[in-house]
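Working notes, beginning with the structure itself.
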Amino acid sequence: MAKPAVLIVGADKGGVGKTTVSRTLLDYFAAHQIPTRAFDTEAPKGTLKRFYPDVAEIVDMNLVPDQMKIFDTLSGSHASVTIIDVRAGLLSPTLQSLRDIGFIEAAKKGQITFGLFHILGPTITSLDEISETAAYLGDAKYFMVKNFINNTHFFQWDESTSASYFGKAKDAVELTIPKLNEMACEQVDLASVSYLSFIANKKANGETATYSFVLRGYVRHWLGSVWAQYDRIKLTELVATSAPTELAPRVQAHG
């Protein structure tokens, strides 16, 4: 049995699109038929759970019983991958808690696969998070994600800037999440379904929907581009799960 894998998606800064990334990860693993569960830390209302009611559970990362729900069940869960969508402002405290409970040490010993998708904003303030975050990670896989939501414009990092910030994170890998057409993004949100369900023209209950053919096409193209990034970092290999030979229908990046 493969060792459990925990992927944390977060940022200390808000409005950088972390839940969007969590949604693409859940769809990616679903397409590869890799059993995955998710924890939504936007307690008490939840954000991720609205799109994945059967997969995501709302927790409060500040509460020890809720931490136990996640980490005491890693080995016994049917899911080989656990995704934790960390709400804004809670990334550093969450990583500190992981260090305190011995999770970081267990990952160092190879008992758990640990990866962090750090969603970066366009400012120096966001980059300041890197050194703080890297201090907790040990040997975890560290992915720095530029998420181009809301027409975000990232300043150009020159060599000295890259060296001063990115150099603080050992073996960090950059990922780029392109911008999804605004109308398509809005329609998926209104439908409250996964990207895969929207592409397949399905409602949350599985019934056939009447989503726009054009908008479904934009989502398919965008999701394919995002998944190409996950393929590049060999994400299925990272989570140490043997993906089945037969995969669910894949979306393809075009162009």
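The values are calculated or read from the model by the stated rules, or taken from the named source; none is laboratory data. Here the structure is a predicted model, which is why all the values come from computation and not from measurement. FYI the Cβ positions are ideal-geometry reconstructions off the backbone, even for glycines, and counts take in every protein chain you see. The accessibility values were calculated without ligands, DNA or RNA, using every heavy atom of the protein model including side chains. Shrake-Rupley method; radii C 1.70, N 1.55, O 1.52, S 1.80 Å.
For a Förster distance of 22 Å, can you work out the FRET efficiency between the beta-carbons of F148 and E186, rounded to the nearest 0.05?
0.85
Highest mean first, what order results for 99-107, 16-24 on Cβ atoms within 10 Å? Could the numbers behind the result be given before it?
Values: 99-107: 16.4, 16-24: 24.0.
Top of the packing list down: 16-24, 99-107.
Would you work out the charge dipole size for segment 1-107 about its Cα centre, treating the Cβ of every Lys and Arg as +1 and the Cβ of every Asp and Glu as -1, and quote it to the nearest 20 debye?
240 debye
7 Å from Cα along Cα→Cβ at both V64 and K109: what's the point-to-point distance in nm?
Calculated label separation equals 2.1 nm.
Spin-label point model (7 Å from Cα, Cβ direction): what's the K45 to R99 distance in nm?
3.2 nm
So how exposed is Y218, as accessible area in Å² (1.4 Å probe, rounded to 10)?
So the heavy atoms of Y218 present about 110 Å² to solvent.
So, taking all protein chains as they sit and a 1.4 Å probe, how much accessible area belongs to R220, in Å² rounded to tens?
Roll a 1.4 Å probe over it and R220 shows about 80 Å².
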